[in-house]
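Participant: Starting off with a structure, shown below.
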Amino acid sequence: MQFPQRHLSSTDKFLLTGLGCGMFLACLMAGYFIYVVQSLRGTDQPSPTIDPVLFSDPTSTPEPFLQPSNTALPTVIPTLAGTFLPTPVPSPIPGFFSNDPPAGKIAFTCYVKQIDQICVMNADGTNRRQLTDFSATAFYPSVSPDGGTVYFSSRQSGRFEIYSIPINGGGLEKLTNDIGSLYGPELSPDDEWIVFANQGSGLWLMRPDGKNPHPITDRDDIDPTWSPDGSQIAFASSRAGDRQLFVMNTDGSNIRQVTDLDHMGGRSAWSPDGTRLAFYRGPAGDHNIYIINTDGTGLVQLTNGGDNLGPSWSPDGDWIAFTSYRDGNNEIYIIHPDGTGLTRLTNNSISDWQPRWGR
């Protein structure tokens, strides 16, 4: 490190030209200045700082920890149920989320012995249980608002009908009988109606006991879901050309188009405050999870790669569950609505998919 050249002042010159003690004092002053300069050489350079990035091992595997991190990583490391690792996705919407583990239960479709069945687990991935043991497909589960019942579709009886089962098992009921091929049932927040899709015949409503089934739309609409206050239903439809998301009143009136995007998927989910929808879109094999305001503004992409489908918002608004193929097999992940905290909940050789969150 170089230092600026120092010049003697006019006073120094006077002392140097003096005689006797003046010369002696000048020598003492010069020696003192030399001592000070030499001392400063060891202290005036800034202290070096250690960049932790330079000293980290990019090939090492981070230790698992119980709470998700908001630090971005280049890859996602598979985890066991209930173990959280950092997310690789940047934060598109800054937010503040609880540090507590995710709460509630998640119903989902599990592929067991070559047949889709209904399973349930705690929202942190623990206590996984199989609810059905059918000889034919059972899928499209949803959880009742009180968290006590799972509704789903199955062709156990020959064609796809709507069933219900307590979330703790037992008490299986078949709610419909030969009114069409029925999918995606969901109970309203006031427990008064179940909405579902009748293939080729629009969206229908019926009572929770299966009574009074009737259509509310007459197009090939799919994947209905209630708004948190029960006043609206979101659904996917090709009624305007390519498949898009729509919102309508619960009687089928006032239909409004929300999205105008290519490669749209089907299943969506309301945010608990009723202002946004989570959905998936993208070409085959490359779907991603998005969020959009219900007025069609504020589109945000949450995931980037992995073929992600079927989002479901947690009741507290802190998480979104979804299916991903990023590890080569359908598994269930959760992520914060700002894109942080990506966590894998399931880790099985079979496919786990179509998660739906309940209390």
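Rule-based calculations on the coordinates, nothing more; no lab input. Note that the coordinates shown come from a computational prediction; the quantities given were computed from them, not determined experimentally. Here the Cβ positions follow ideal geometry from the backbone for every residue, glycine too, while neighbour counts run over all protein chains shown.
Participant: Given N residues in the stretch 105-358, what is Rg(Cα) / (2.2 N^0.38 Å)?
Facilitator: This ratio for the stretch 105-358 stands at 0.92.
Participant: Could you sort 161-168, 215-222, 281-288 so that the peptide with the highest average Cβ count within 10 Å comes first and the rest follow in order?
Facilitator: In descending order of packing, they fall as 161-168, 215-222, 281-288.
Participant: Let me ask something else about it. Beta carbons within 10 angstrom, averaged per residue: use that to sort the peptides 347-353, 336-342, highest first.
Facilitator: Packing proxy ranking, top to bottom: 336-342, 347-353.
Participant: Using the alpha carbons of the stretch 214-356, what is the convex hull volume per residue in cubic angstrom, as a whole number?
Facilitator: Per residue, the Cα convex hull of the stretch 214-356 comes to 113 Å³.
Participant: Pulled fully out, how much extra length does the chain show between Lys113 and Val300, if you take 0.36 nm times their separation in residues and subtract their Cα-Cα distance?
Facilitator: 63.5 nm
Participant: Quick one: net charge around Asp116, please, counting Lys, Arg +1 and Asp, Glu -1 for every other residue with C-beta under 13 Å from its C-beta.
Facilitator: 0
Participant: Just to confirm a number: summing +1 for Lys and Arg and -1 for Asp and Glu over residues other than Trp313 whose beta-carbon lies under 15 angstrom from that of Trp313, what do you get?
Facilitator: -2
Participant: Also, quick follow-up: Rank the residues Cys119, Cys110 as a footprinting-exposure proxy: fewest other Cβ atoms within 10 Å of their Cβ go first.
Facilitator: Cys119, Cys110
Participant: Whole-Hz ³J(HN,Hα) for each residue in the stretch 178-190, computed from phi via Karplus 6.51 cos²θ - 1.76 cosθ + 1.60 with θ = phi - 60°, x for glycine and proline: what do you get?
Facilitator: Calculated HN-Hα couplings, in order: 6, 10, x, 9, 10, 9, x, x, 8, 7, 5, x, 8 Hz.
Participant: Now a separate question. Below 18 Å, Cα to Cα, which aspartates and glutamates can Lys211 reach? Residues fewer than 8 away in the same chain don't count.
Facilitator: Partners found: Glu161, Glu173, Asp178, Glu186, Asp190, Asp191, Glu192, Asp251.
Participant: Shifting gears a bit: Quick one: length gained pulling Ser135 to Asp286 fully straight, 0.36 nm per residue minus the C-alpha distance?
Facilitator: So the extension gain works out to 51.2 nm.
Participant: Another question, then. Mind sorting Arg155, Arg256, Arg356 by how few other Cβ atoms lie within 10 Å of their own Cβ, fewest first?
Facilitator: Fewest-to-most Cβ neighbours within 10 Å comes out as Arg256, Arg155, Arg356.
Participant: Calculate the dipole size of the stretch 105-358 relative to its Cα centre from +1 charges on Lys and Arg beta carbons and -1 charges on Asp and Glu beta carbons; express the result in debye to the nearest 20.
Facilitator: Charge dipole of the stretch 105-358: 540 debye, to the nearest 20.
Participant: With Cβ to Cβ distances under 11 Å as the rule, what net charge do the other residues near His214 carry (K, R +1; D, E -1)?
Facilitator: +1
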